[in-house]
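No value in this document is a laboratory result; all are computed from the given coordinates. Remember, predicted model here, so these are calculated numbers, not experimental data. For neighbour counting, all protein chains shown are included, and Cβ atoms are generated from backbone atoms with ideal geometry for every residue, glycine included.
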């Protein structure tokens with residue numbers, strides 16, 4: 001059981017990094033569409049996703065080139081959102097936490113780094129997070145729940 005949990009956590013970390021890296025041109029900056037953020041709802045099903053996402057964002061943000069502010073800031077925002085997602089995994093709050101926390105908090109430092117008004121950055125990050133979480137993350141959870149009920153491996 002422990003091996004499965006560690007392996008799943010490593011896979012989540014790796015997937016986050018790979019998806020972000022492949023889509024790097026749209027994954028960084030004040031106007032972004034980070035498809036890997038669909039994985040931020042995985043704590044609904046897997047507690048090990050909380051540290052896995054933290055590590056994935058930390059390593060992926062090294063690629064982004066925005067420096068320590070993004071590496072540390074983005075990782076901590078993800079850790080907070082993932083912990084709230086896990087805590088409220090039986091509520092719609094689980095889906096809202098990565099949208100709201102990223103929209104409000106990541107936008108704080110991105111607006112400063114790029115000298116763009118906060119509200120523009122916040123609206124864009126919130127909108128892109130909402131699209132990714134609701135149109136990709138939500139179906140991912142539904143798919144994994146259905147598979148989990150049928151498989152001893154998930």
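Given the criteria surrounded by fewer than 19 Cβ atoms within 10 Å (Cβ to Cβ), touching a residue at least 12 places away in the same chain (Cβ under 8 Å) and within 20 Å of residue 16 (Cα to Cα), does residue 126 qualify?
Yes; evaluated as a whole, the condition is true for this residue.
Among the residues of the stretch 80-91, are any over 11 Å from residue 50 (Cβ atoms) and under 13 Å from the mean Cα position of the chain (by Cα)?
Scanning the stretch 80-91 turns up no residue that is over 11 Å from residue 50 (Cβ atoms) and under 13 Å from the mean Cα position of the chain (by Cα).
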